[in-house]
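Here's the structure we're looking at; comments come further down.
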Amino acid sequence: MSALHRARATTAPPIDPPTAATPAEPASPSTAVPRTRVSAAWIGVCAAALLFVVLIVFMLQNTGSVEVTFLWMHGSLPLALALLIAGVGVAIAAMVIGTARITQLRRLSRRN
């Protein structure tokens, strides 16, 4: 241990233990509202609605036409639509890879 560390260790003021606060009264089982699948679905629907509002605003702000080339196909379409198609393609690819991995893990767990 260096002299600097020893000096800090000897000059540091002692740390007082925190005072114990009185615990709050837990909610009685009759007044607590349980979380259900319906409440989770409601939160999901609200989140999806907010996401769709943001998506609609994005699409309305990006209506300019862009030239798109894919393999042998050429064309022009609005920028927002091109980005939406690309995003859906990525989501489908992620779902396929995720499904393959989940299937692999389920088969592995059934063997054991």
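Read the figures in this text as sums done on the coordinates, not as results from a lab. Please read these numbers as outputs of a predicted model, since none were measured by experiment. Backbone-built Cβ (ideal geometry, glycine too); neighbour counts: all protein chains shown.
If you take the residues of segment 62-106 that are under 30 Å from the mean Cα position of the chain (by Cα) and of a type in the set (S, T, N, Q), which of them is nearest to Phe52 (Cα to Cα)? Among those that are under 30 Å from the mean Cα position of the chain (by Cα) and of a type in the set (S, T, N, Q), it is Asn62.
Within segment 27-66, the residues that satisfy the criterion of being part of a loop (DSSP other than H, G, I, E, B) and loosely packed, with under 10 Cβ neighbours inside 10 Å are Ala27, Ser28, Pro29, Ser30, Thr31, Ala32, Val33, Pro34, Arg35, Thr36, Gly64. Among the residues of segment 62-77, those that are without any contact (Cβ under 8 Å) to a residue 12 or more places away in the chain and more than 17 Å from Gly87 (Cα to Cα) comprise Glu67, Leu71, Trp72, Met73, His74, Gly75, Ser76.
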